[in-house]
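Working notes, structure below.
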Amino acid sequence: MCSSRLVHRRSGTMSSLSVPKPACLNKPFVAPHRFMFGPGPSNVPPRILEAGANPIIGHMHPEMFEIMSDIKSGIQYAFQTQNNLTFAVSGTGHTAMECALFNALEPGDGVLVAVNGIWGERAADMAERIGAKVNTISAPPGGCFTNDEIKKALSKHRPALMFLAHGESSTGVLHALDGIGDLCHQYGCLLLVDCVASMGGAPLYMDKQGIDILYTGSQKVLNAPPGSAPISFSPRACQKAFNRRTKPVSFFLDLAWLANYWGCDDKPARTYHHTGPVSAFYSLREALRMLAEEGLEESWERHRTVAEYFHSGLEDMGLKLFVKDKSSRLPTVTTILAPPGYDWKEITSFIMKTHNVEVSGGLGPSAGLVLRVGLMGCNSSRASVDMVLSAFRDALQHCHKSKV
């Protein structure tokens, strides 16, 4: 009977399907090659692409556990931490942000969020959703906070956790971290830092700077495909997370389960929690390997010198940088004031169409104010800068400029 029905379906006389085969899937997709000079994702080097194309193995195979151990060691190097609870969340940077907040906070806990761009806004939103009592300190786009301002806010609100973006990619700000961890600990507060846009591109010392939770993404300086997010928890953060009164709101991001899956809880066996993104872990391992080959300090220096070269070239063209304080400029993502009289959308579209280069407009509080150029990882080079500067010159010459 079953074989008879199959015959009828193959002959086209009978089918139980109401949705036909999509015509769009009759041919393969071929991705165009573009120069990814926006705020992320960045271009992926051939080595990392090849690593990701390795054959799939089981997410609970011993070889996979070895890869995960290598990833943990690579993250510890990149973060400059000896924290045992160090791993990669299966997801993008937003997933790591939620992992940090969902495990460190319970309903009713106080959180202080430093808002000087979209990532502070997002952190406050996430914390509110889980019932935390959110207080914010705010700086205008392109601005930073002094340690005195942070100390006053900590003294006033007495939060359980403070959030700060080290690299605020929406505004192009690199925030100083020295002394903030100590201030937080004086007030019994954990320090959570977002380094998605800065890790590998600017000096960062998790342990020395007293950071309790630190996370990044795979698709920025590391040049891996999006989909894995390194994160680390200090012993102080673990004490808070593992002595909760309530379960974390997300099973997928429950730190107790993730610690076991990554072999960070000293238990003799690992229990199935979720199917990790095997290919993404291959890629992340290779990306961390490439960072270690170059050397962390060498990577920091390369991003600094390339950014300074880029900034000089922009200013020589008459363009103005959005962040006035040179020491607060993020080396990986540069924000440029939108040229007066031009439509920024026309500029970005022209550069993409004519030069096959992606640059971006602003995001969140910087929307409509700036153009953003990301030169991260393998894209951080003088050759990339020259390409972007040439594209901008061409755009300013050919795009419409209002006389008003």
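The values are calculated or read from the model by the stated rules, or taken from the named source; none is laboratory data. Keep in mind that what you see is a predicted model, and the values were worked out from it rather than measured. Positions of Cβ are backbone-derived with ideal geometry, glycine not excepted, and every protein chain shown enters the neighbour counts. The protein model used for the area step is the full one, side chains on, heavy atoms only, and it has no ligands, DNA or RNA in it. Shrake-Rupley method; radii C 1.70, N 1.55, O 1.52, S 1.80 Å.
The sum of -39500 (n - 2.57) across all DSSP H runs of n ≥ 4, divided by the residue count of the chain, sets its helix-only mean residue ellipticity at 222 nm to -12000 deg cm²/dmol. A rounded overall shape is assigned to the range 310-378, the ratio a/c of its alpha-carbon gyration tensor axes (a ≥ b ≥ c) being less than 1.5. For the set LYS27, LYS21, the ranking by accessible area, highest first and with no ligand, DNA or RNA atoms included, is LYS21, LYS27 under a 1.4 Å probe. Approximating the spin labels as points 7 Å out from Cα along Cα→Cβ, the ARG34-to-GLU50 distance works out to 2.6 nm. Subtracting the Cα-Cα distance of ASP182 and GLU297 from 0.36 nm times their residue separation leaves 39.0 nm of extension gain. Largest accessible area first, the listed residues SER15, SER384 line up as SER15, SER384 when surface is computed with a 1.4 Å probe on the assembled protein chains. To the nearest 0.05, how large is the calculated FRET efficiency for ASP394 and THR136 if R₀ is 35 Å and r is the Cβ-Cβ distance? Computed FRET efficiency for ASP394 and THR136: 0.25. Using a simple spin-label model with pseudo-atoms 7 Å out from Cα toward Cβ, ARG289 and ARG129 lie 3.6 nm apart. The calculated FRET efficiency for HIS61 paired with ASN26, based on their beta-carbon distance and R0 = 41 Å, is about 0.70. Per residue, the chain exposes 47 Å² of accessible surface when a 1.4 Å probe is rolled over the protein heavy atoms with every protein chain present.
Expressed to the nearest 5 percent, the antiparallel share of DSSP beta bridges inside the chain is 50 percent.
When you count the other C-beta atoms within 10 angstrom of each residue and take the mean per peptide, 252-261, 316-325 line up highest first as 252-261, 316-325.
In this calculation the C-beta distance from SER18 to ARG382 is compared with R0 = 60 Å, giving a FRET efficiency of 0.55. Give the relative contact order (percent, whole number) for the range 203-246; include only Cα pairs under 8 Å separated by 6+ residues. Averaging sequence separation for qualifying contacts and normalising by length gives 33 percent for the range 203-246. Taking all protein chains as shown and a probe of 1.4 angstrom, MET36 keeps an accessible surface of around 40 Å².
Cα centroids of the range 119-150 and the range 207-270: 21 Å apart. With P(r) over Cα pairs in 20 Å bins from 0, in percent as the read-out, I listed (1) 26, 53, 15, 5, 1, 0; (2) 26, 51, 20, 3; (3) 22, 47, 20, 8, 3, 0; which label goes with the value calculated from this structure? Evaluating P(r) over Cα pairs in 20 Å bins from 0, in percent on these atoms matches (2). For the chain, the relative contact order comes to 22 percent (Cα pairs under 8 Å, sequence separation of at least 6). For a paramagnetic label modelled on LYS247 (point 7 Å from Cα along Cα→Cβ), amide N atoms under 20 Å away belong, within the range 100-134, to 100-109, 129-132.
Under 20 Å from a point placed 7 Å out from the Cα of LYS152 along the Cα-to-Cβ direction: which residues of the range 93-124 have their backbone N that close? From the range 93-124, the list is 111-117.
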